[in-house]
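For reference, the structure discussed in these notes is given below.
The values are calculated or read from the model by the stated rules, or taken from the named source; none is laboratory data. A quick note: this is a predicted structure, and the numbers were derived from the prediction, not measured. Here Cβ is always computed from backbone atoms with ideal geometry, including for glycine, and neighbour counts include all displayed protein chains.
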Amino acid sequence: MEAAIAVKDLKRPRELRDTLEREREVVVTKDGRPFAIMIGIDAEGADDALREVRRALFSSAVLRARRRARETPISKAEIAAEVKAVRRRRSR
């Protein structure tokens, strides 16, 4: 299991830095529930790491949307109604 740290414990930067150096990733929790993820990176690779994290988050969002679409499909009438509503709002 990955290392976890509570939001309130972020006030101890040395402990956080040591954990990141040792584990390379930390799940930040709030009230015991995952809230954020911190990853250790090399300074010269920060831009590349951020780009990869964004790509992974985008891919995950697309997978969740596809899963929702399979579980609760939208009818053609619902799609048409949504398109009509958006066009109406844009024309104002």
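Looking only at the range 66-85, which residues are hydrophobic (A, V, I, L, M, F, W, C) and surrounded by 10 or more Cβ atoms within 10 Å (Cβ to Cβ)? Don't jump to the end; show me each part of the working.
From the range 66-85, those hydrophobic (A, V, I, L, M, F, W, C) are 69, 74, 77, 79-81, 83, 85; that's our starting set.
Result: Ala69, Ile74, Ile79, Ala80, Ala81, Val83, Ala85.
Do we find that Asp9 is part of a helix (DSSP H, G or I), over 17 Å from the mean Cα position of the chain (by Cα), of a type in the set (Asp, Glu) and surrounded by 13 or more Cβ atoms within 10 Å (Cβ to Cβ) in this structure? Give the steps one after another, and end with the answer.
On the way: part of a helix (DSSP H, G or I): yes; over 17 Å from the mean Cα position of the chain (by Cα): yes; of a type in the set (Asp, Glu): yes; surrounded by 13 or more Cβ atoms within 10 Å (Cβ to Cβ): yes.
The answer is yes for Asp9.
Could you tell me whether the range 14-24 includes any residue that is closer than 22 Å to Leu57 by Cα, in a strand (DSSP E or B) and outside the structural domain of Leu57 (by TED's automatic domain parsing)? Don't jump to the end; show me each part of the working.
Keep residues of the range 14-24 that are closer than 22 Å to Leu57 by Cα, which gives 20, 23-24.
Narrowing the set further to residues that are in a strand (DSSP E or B) leaves none.
Taking every residue of the range 14-24 in turn, none turns out to be closer than 22 Å to Leu57 by Cα, in a strand (DSSP E or B) and outside the structural domain of Leu57 (by TED's automatic domain parsing).
Of the residues that sit in the range 28-56 and are of a type in the set (Lys, Arg) and either out of contact with any strand residue (DSSP E or B) (no Cβ under 8 Å at 6 or more places or on another chain) or surrounded by 12 or more Cβ atoms within 10 Å (Cβ to Cβ) (or both), which one is nearest to Arg14 (Cα to Cα)? Even if it seems obvious, please write down each step before you answer.
Taking the range 28-56 and keeping what is of a type in the set (Lys, Arg), we get 30, 33, 51, 54-55.
Pick out the ones that are also either out of contact with any strand residue (DSSP E or B) (no Cβ under 8 Å at 6 or more places or on another chain) or surrounded by 12 or more Cβ atoms within 10 Å (Cβ to Cβ) (or both) and you get 33, 51, 54-55.
Working: Arg33: 23, Arg51: 26, Arg54: 27, Arg55: 30 Å.
Top of the filtered list is Arg33.
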